[in-house]
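Below: the structure, in structure tokens.
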Amino acid sequence: MNMKVLLLFPPQWVPYYPHLALPSLAAFLRSNGVETVQKDLNVGSYNQFLTRKYLRSLKSALDSKFDEFNSKPRLSASPEQQVYSDIFIAKSSLYHLADNIEDAVKVFRGRRYYNAETLNTARKTIENALTTVSIAHYPARLELMSFSMPEYDGKFETIEKLTSNIQGNPYFEYFEKNVLPYVREQAPGVIGISIAGESQLIPALTLARLVKKNFDCHVVLGGYVVTLLADSLTRHRKLFEEYCDSLLVLEGERPLLELVRRLESHQSLESVPNLIYFDDGSVRANQVSPPEPMEGLPAPDFDGLPLQEYLAPDPVLPVLASRGCYWGRCAFCSHNVSYENKYRPHSGEKIVADLEALHRKYGVKHFAFSDEAIAPKVMREVTSRLIEDKTDFRFSTNIRIEPQFTPALCETMHIAGFRVVYLGQESGCDRVLGLMKKGFNKDTAIEVCRNLVNAGIWDHLYIFLGFPGESENDAQETITFLSENASIIRSFNLGSFSLGRGSEVMRMPGDYGIKISQARLDDLAMVYSYAPSSGISSSRAAELSREAWAILSKEYPTSRVLDLLSKEDLLLYLSHFESTDPALTKIKRSPTVSAPGVELTLDSQLKTSPGVFRTTLNFDLPDIMKNLLLNWERDAVPSPVRVLFDPENRKIRPIGPNVSEMLDLLGRGRTIRMIARQLSQRHNIPEAAVEAFCLDALNQLKNEGYLAADKAII
Ligand code: SF4
């Protein structure tokens, strides 16, 4: 009996374009005659969260969370004060946000995307919406680039709790209400769930648990994370009882096909390569077989994925020129674990043939190479073929810093359509580059950056501070490197080192002078905390990188682009503006237009600006916000305060009883003179003094945007 395969890509992942995992598997299975359906639940979850209806549905959860915090006897400096502030802002701006969220999504999917100011505003609206979703599921944290549940400590018992936590896991309801009915409709024989990154782990296991409980079909988990965690996963028998039937490690195409064939014919699974499964009371791990030859891998198949629903106005398709990394030695990296340290490039001919086929099929001209690094030799082959075929495509890609990226090759890349190149430079200090085993020095990096920029290609560098053994001086050298080379670095990410599972540093901590705090054989952590015996700590590295970013991002010639765009926007922007603004120099904030300084008079009539409201809080939130800003480590005790809140701008200010009384009298055709007279009589104070007070206070509130003219007579 032929089985239908349903491939699911769980949240959370960036929503700008599809991930390549499912289209690669779907292409292989379909080309072997297997009926395959693929569903991107990541984009589905954004479609659910970023709607007016969904956001409004969070009202009661936010209200009850706020009541809980507002009635506490004290708020700790961390994290309770931050949470209190976040919940108040989220609940108080909820309806405003809900009214604007769908338009923000439309900005990403339409031509307004190419107005950087408008795009930036839309992105902020989406970020605020995701923060609101997070707060409603506190302490879960959902952002455009990540998802985490801070309670996760790498223990299977914690996974058990988080995957059944209806209130705290934002994906639970989405899976239950939207995904399970879909799966029922599809009636698959096999469900494959791909886990490509850490941010998917809890959502993927939540999904796996739900489908395993509700359907009688074979559930198999695969992807980079499964390969990385396989040793530990196999120690948890319950995983195979409640979450899945099997795990597939390493590359999945051939093993998944073999699994389907065995299940169809009710044969034993013992010969399915790369499979780990539960059989006869114990977990069995089958032999690993060599990966499918590159010639046997068809072009990715995106049929069934909603290409118009990603957050981009023009679809961008991910593609691979190779599998694995040809360098494979960087001490902090675990990328090659899922390729068994093998590197297999496609031929230039095959790469370009696939690109042309995808262009014909989907009408797409933008492609993002997802390779960790396209080798110079492959790049030469691909670019010369693209130029020969006179294609009109645009690309982004990662490359490794190599002297072979000469001026001539970079120029050829530009002619062939490469517009953005991401480089894992990591450090601007040769000593640290040596510790990391990067295999190049900063002079080579400068040369490659210059060649790219001179050829008209945008270079984006990934840099981090705090590699084990890196000193304060080393870190400063990197910051100076970024500063001194601003003319040949278009943009960069500056972060801090994290100790990833599977990396050489993690496997040989003694060689890198670190002590890992927690590492059990059965733990499922993806990153570890550690203590270095020398050099800066991870918290110091994070602090330095934040401080340096704050300064550098302002002084860079491209600072406006860094402010307004994310690195994922660069390909489409550079393509869109290539004939009018190829280096995006025209992107700038519109000069701030200060509101005409019309002074109020006693005859002015005012009202609160749309949406602005007054309320009384049990804690002095404006003061708490000051604490948070200045990192003051002091608890807050109840101290009721009256505030004005502006939901559109998400800002708050305290108001005293006199101002509050004055605001009570606004509206109903009253001028400031009439209000002052009433207050003067009520409190028996000379009218002139009250008039002066009212004018001053109301002017200030109007200038801050909390009040607006009631009639155009101010
Ligand atoms: S960091 Fe990049 S270049 Fe280095 S081993 Fe990993 S994938 Fe390869």
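The values are calculated or read from the model by the stated rules, or taken from the named source; none is laboratory data. As the structure is a prediction and not an experimental result, all values here were calculated from the model. Here the Cβ is made from the backbone with ideal geometry for all residues, glycine too, and neighbour counts use every protein chain on show.
Points to keep in mind about this one:
- Counting only residues that are assigned to a helix (DSSP H, G or I) and surrounded by fewer than 24 Cβ atoms within 10 Å (Cβ to Cβ), segment 472-492 holds 11 of them.
- Segment 295-347, subset part of a helix (DSSP H, G or I) and modelled with pLDDT of 95 or more, residue nearest to the ligand (Cβ to nearest atom): 307
- Of the helices (runs of 4 or more DSSP H) lying entirely inside segment 555-654, those carrying at least 2 residues that are at pLDDT below 90 are 621-630.
- Failed item in (1) polar (S, T, N, Q); (2) within 25 Å of residue 203 (Cβ to Cβ); (3) in contact (Cβ under 8 Å) with a residue 60 or more places away in the chain, with residue 51 passing the rest: (3)
- The lone exception for residue 90 - which of (1) surrounded by fewer than 24 Cβ atoms within 10 Å (Cβ to Cβ); (2) within 29 Å of residue 628 (Cα to Cα) it fails: (1)
- Test: residue in segment 362-371 that is of a type outside the set (S, T, N, Q) and surrounded by fewer than 16 Cβ atoms within 10 Å (Cβ to Cβ): yes
- The residues of segment 503-520 that are part of a loop (DSSP other than H, G, I, E, B) and buried (at least 19 other Cβ atoms within 10 Å of the Cβ) amount to a single one, 503.
- Residue in segment 245-266 that is under 31 Å from the mean Cα position of the chain (by Cα) and among the β-branched types (Val, Ile, Thr) present: yes
- If you filter segment 274-294 down to residues that are surrounded by 19 or more Cβ atoms within 10 Å (Cβ to Cβ) and in contact with an Asp or Glu (Cβ under 9 Å, 6 or more places away or on another chain), you find that the one that is farthest from residue 230 (Cα to Cα) is 291.
- Complete set of residues in segment 248-301 that are of a type in the set (S, T, N, Q) and farther than 25 Å from residue 324 by Cβ: 265, 267, 268, 271, 282
- Some residue of segment 244-263 being modelled with pLDDT of 95 or more, surrounded by fewer than 18 Cβ atoms within 10 Å (Cβ to Cβ) and either at positive phi or touching a helix residue (DSSP H, G or I) at 6+ places or on another chain (Cβ under 6 Å) (or both): no
- Odd one out for residue 702 among (1) part of a helix (DSSP H, G or I); (2) farther than 23 Å from residue 611 by Cβ; (3) not hydroxyl-bearing (Ser, Thr, Tyr): (2)
- Condition check for residue 318 on (1) outside the structural domain of residue 186 (by TED's automatic domain parsing); (2) more than 25 Å from the chain's Cα centre (by Cα): one failure, at (2).
- Of the helices (runs of 4 or more DSSP H) lying entirely inside segment 49-92, those containing at least 3 residues that are of a type outside the set (D, E, K, R) and at pLDDT 95 or above are 59-70, 80-92.
- Segment 353-385 - residue that is within 16 Å of the ligand (Cβ to nearest atom) and of a type in the set (Val, Ile, Thr) and, of those, farthest from the chain's Cα centre (by Cα): 378
- Considering each residue of segment 180-196 in turn, at least one proves to be crowded, with 24+ Cβ neighbours inside 10 Å, under 24 Å from the mean Cα position of the chain (by Cα), modelled with pLDDT of 95 or more and within 26 Å of residue 139 (Cβ to Cβ).
Per-residue answers, yes or no, for (1) free of Cβ contacts under 8 Å to residues at least 40 places away in the same chain; (2) acidic (Asp, Glu); (3) over 24 Å from residue 339 (Cβ atoms):
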position	(1), (2), (3)
449	no, no, yes
467	no, no, no
481	no, no, yes
490	no, no, yes
497	no, no, no
502	no, no, no
507	yes, no, no
514	no, no, yes
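- Search result, residues across segment 157-197 that are among the polar types (S, T, N, Q) and in a loop (DSSP other than H, G, I, E, B): 163, 164, 165, 167, 169
- Meets criteria (surrounded by fewer than 21 Cβ atoms within 10 Å (Cβ to Cβ), aliphatic (A, V, I, L, M), more than 30 Å from residue 229 (Cα to Cα) and in contact with a helix residue (DSSP H, G or I) (Cβ under 6 Å, 6 or more places away or on another chain)) for residue 351: no
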